[in-house]
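One structure is given below, encoded as structure tokens.
The values are calculated or read from the model by the stated rules, or taken from the named source; none is laboratory data. The structure presented is a predicted model; accordingly, all values stated were derived computationally and were not measured. Neighbour counts are summed over all protein chains in view; Cβ atoms, including those assigned to glycine, are modelled from backbone coordinates with ideal geometry.
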Amino acid sequence: MISSADPVPAPTGSLLRDPVLVLPLAVVLGLVVGWEGLRTGVSGAVIAVDLALSWGLVGASMLASGRARWRRPRLLLALAGLLVLAGDLQWSSAPGLWTAGLILELAWLTVVVQLVLSFPDGRSWSALALVTISLGYLAAPVGGLASALVTTDSRDALSILSSQSAEDTIGRIRAALGFAVLLATVGLVVWRLASLRGASRRAQAQLLIGATLAFPLTMVWLARQALTGESPSTALSAVSTALIGLIPLGFVAAIGWSRLRRTQASDLVVELRTAGEPMLRDRLARVLGDPTLALAYRLDDGRYVDDSGQPASVPDRPGRAVTLLSAGDEVLAALVHDPVLLDEPALVESVRATAGLVLENERLAARVRAQLAEVRASRARLVTAGDEERRRIERDLHDGAQQRLVAVCVTLGMAAGRADPTLAETLRRAQDDLEQALAELRALARGIHPTLLHEEGLDAALETMARRAPLPVIIEGAIGSRLPAAIELAAYFLTMEALTNTAKHAGASKATVHLQQVNGTLTVTVSDDGIGGAELTPTGGLAGLRDRVEALDGTLNVHSDPATGTTVLAELPCGS
Amino acid sequence: MPIRVLIVDDHPEFRAVARELLEEAGYVVSGEVAGAREAIASVSAETPDVVLLDVVLPDGNGFDVAAQLSRDPSGPVVVLVSSREAEDYGQRVSGCGARGFVSKSRLSATSLASVLA
């Protein structure tokens, strides 16, 4: 059915990988810690906020179970939830627990920062994000350990250097560091919100917006503490902590949104079933909200081609996910898409089920296009191979028979010089005949492969052809540069064929060859003022030339009429 | 003093017949070579008066050799020969610095003398 290349390994079921037992653990721990807080006189509101945040974080983590790609964010959420309670161990008067609470105070906030800056796949967004996260851990819990070493509080079990000034300084440095970390986090979040598009944005926006709103109040009191050394009031601390709850809320909203999308998928089915324009790929990209989506059809030989029949690659690399669309055991096509779509399996699945019918037709069309492309390529190869062969034959003629005949011709001339007048006369006649034969041989060789064209290009070759023609030929326009050999040969041969036809059949007084190169197309027009009557017959010379021109994706047309004469018009795309 | 001629052509049968023709007409053949590089070397070694130079050579072409030789004002007179006609080469014949062009089949004492005249 559906298979996906998923960069994250599936959960194996251990507590760490799939923390189903974290929620009851958090509930029990929360009740114990909260009871201790009540016993030691902590404000009920503060206790309520902390427990709500802790359970909210753990609960959000549970809601995302079954999402392989969100495994690490889930772990971080659960960890943050437990760390909220760990920080609250300070409510206990037992020295060991109190110290543990001091060390772990606000460590949960760093874990939340890491969650945000590595959402959704658990890899931090950028080097800057990684630095921000690392600095966060330096502020808490590493800074918490430093505080525990110097604090003057009598409940501390770890104090080795009780110093009020050291404690204050460390507190202010931690606050400043925390402020900087949150500032950088908000900056990175805003930038990411602004740059994300399509499916990625859809999947991540809720959590990112939550993060943008969650941190500023905490930043306010951190800034104040860094500047003045004053701890936040109980109320400010409670409200700012409560605001962080927007992040698990955003996380839950993201899950809810993707479940909502499942129902939207059924509407899109109708759209997909509507055959015709635009291409299936474009429709799929719109339905799935992923403009980067690529659709590759699988041919019987295992190759993949796109809508137009061109070879397509199905990349196996990070940042792209591949979903195979199959009928039975046969893979019909591959969707190459943004991996965030894997977070919406129901959507992809309904698209897959719907696309099946349309897909078979589109795949057949793509296969035909691929075959057509293949045939065109092989036709072009045949023409090129033919040209190579003609060139070789011309060279063989030149190097072989022609050279020997030339030597004989010179020898005959010398013999004539030495002979008596009667014999000399005969020898000269033989030499003249041989020269005539050589001239015909050269003309034949030029028809097989024009050396001048090969050496000097179209302008020079056509000029010489015009001079040699048995009727006046005017050349209009010039190319001025060299074109691909196949283009030059096609233009040369079709001009030669057209002029030969004109000379043989048209009864024309003159012919005109017009050359023009505009917007990457070479236009060759050969016209005469003759009696018309030329046509493209399947076996005629012009038909062979049309094949040659079409092999180069060009066109060849003939207009012939007794009043206006004959015009042969060829258009050849020449790339420049 | 007889005119000394270097024959440059990769076809031995043509070199042989050209040598015979030249010697009968009173020229002295200073050497026979088959390629462009040998031609340049032989010109500096033998300093012929005339080079009978085939256009198509295995390691280059006669136009480039002619252009190189004509850069030296005291260099030899270059006469291009080919089994093709001058028209087959377009403007290159007139632009390469050679004195003239003789189609191989028309090579004779008379045609050569008229180019050298």
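Of the listed requirements (1) among the aliphatic types (A, V, I, L, M); (2) surrounded by fewer than 20 Cβ atoms within 10 Å (Cβ to Cβ); (3) away from chain B (no Cβ under 14 Å); (4) in a loop (DSSP other than H, G, I, E, B), residue A:534 misses just one: (2). Looking at the stretch A:407-419, is at least one residue facing chain B (nearest Cβ under 10 Å), in a loop (DSSP other than H, G, I, E, B), of a type in the set (Gly, Ala, Ser) and surrounded by fewer than 19 Cβ atoms within 10 Å (Cβ to Cβ)? No, that holds for no residue. Restricting attention to the stretch A:466-486 and to residues that are among the aliphatic types (A, V, I, L, M), surrounded by 14 or more Cβ atoms within 10 Å (Cβ to Cβ) and within 15 Å of residue A:527 (Cα to Cα), the residue that is farthest from the other protein chains (Cβ to nearest Cβ) turns out to be A:471.
If you go through the stretch B:15-65 and keep only what is aliphatic (A, V, I, L, M), assigned to a strand (DSSP E or B) and over 15 Å from residue B:112 (Cα atoms), you end up with B:33, B:56, B:57.
Those residues that are modelled with pLDDT of 70 or more and not acidic (Asp, Glu), I need them from the stretch A:355-368; list them, please. If the condition is that a residue be modelled with pLDDT of 70 or more and not acidic (Asp, Glu), then A:358, A:359, A:361, A:363, A:364, A:365, A:366, A:367, A:368 are the ones that fit. For the structure I just gave you, tell me whether residue A:192 is at pLDDT 90 or above, in the same structural domain as residue A:133 (by TED's automatic domain parsing) and out of contact with any Phe, Trp or Tyr (no Cβ under 8 Å at 6 or more places or on another chain). No: the conditions fail for residue A:192. Could you go through the stretch A:390-398 and let me know if any residue there is at pLDDT 85 or above, assigned to a helix (DSSP H, G or I) and either of a type in the set (Ser, Thr, Tyr) or under 20 Å from residue A:303 (Cβ atoms) (or both). Checking the stretch A:390-398: not a single residue is at pLDDT 85 or above, assigned to a helix (DSSP H, G or I) and either of a type in the set (Ser, Thr, Tyr) or under 20 Å from residue A:303 (Cβ atoms) (or both). Taken together, the criteria exclude residue B:56 from residues that are of a type outside the set (Asp, Glu) and away from every other protein chain (no Cβ under 14 Å). For residue B:71, are the conditions met, namely being charged (D, E, K, R), more than 26 Å from residue A:448 (Cβ to Cβ) and without any contact (Cβ under 8 Å) to a residue 60 or more places away in the chain? Yes; evaluated as a whole, the condition is true for this residue.
For the stretch A:427-437, the count of residues that are away from chain B (no Cβ under 12 Å) and without any contact (Cβ under 8 Å) to a residue 12 or more places away in the chain is at least one. Among the residues of the stretch A:397-406, those that are within 60 Å of the chain's Cα centre (by Cα) and either of a type in the set (Val, Ile, Thr) or more than 9 Å from every other protein chain (Cβ to nearest Cβ) (or both) comprise A:397, A:400, A:401. Scanning the stretch A:1-39 for residues that are farther than 20 Å from residue A:248 by Cβ and at pLDDT 90 or above yields a total of 6. Any residue at all in the stretch A:61-73 that is surrounded by fewer than 21 Cβ atoms within 10 Å (Cβ to Cβ) and closer than 21 Å to residue A:237 by Cβ? No, the conditions are met nowhere in the stretch A:61-73. Selection of the stretch B:70-98 for residues being farther than 26 Å from residue A:465 by Cα and at pLDDT 90 or above yields B:76, B:77, B:78.
The requirement of being modelled with pLDDT under 85 and in a helix (DSSP H, G or I) is not satisfied by residue A:108. Restricting attention to the stretch A:212-236 and to residues that are more than 47 Å from the chain's Cα centre (by Cα) and of a type in the set (Ser, Thr, Tyr), the residue that is farthest from residue A:172 (Cα to Cα) turns out to be A:234. Summed over the stretch B:84-109, residues that are without any contact (Cβ under 8 Å) to a residue 24 or more places away in the chain and within 9 Å of chain A (Cβ to nearest Cβ) total 8. Only residues that are in a loop (DSSP other than H, G, I, E, B) and under 18 Å from residue A:279 (Cα atoms) were counted in the stretch A:300-323, giving 6. Taken over the stretch A:371-391, the residue count meeting the criterion of being under 19 Å from residue A:447 (Cα atoms) and either in contact with a Gly (Cβ under 7 Å, 6 or more places away or on another chain) or away from every other protein chain (no Cβ under 14 Å) (or both) is 9. Filtering the stretch A:195-234 to residues that are at pLDDT below 90, more than 15 Å from residue A:289 (Cα to Cα) and of a type in the set (D, E, K, R) leaves only A:230.
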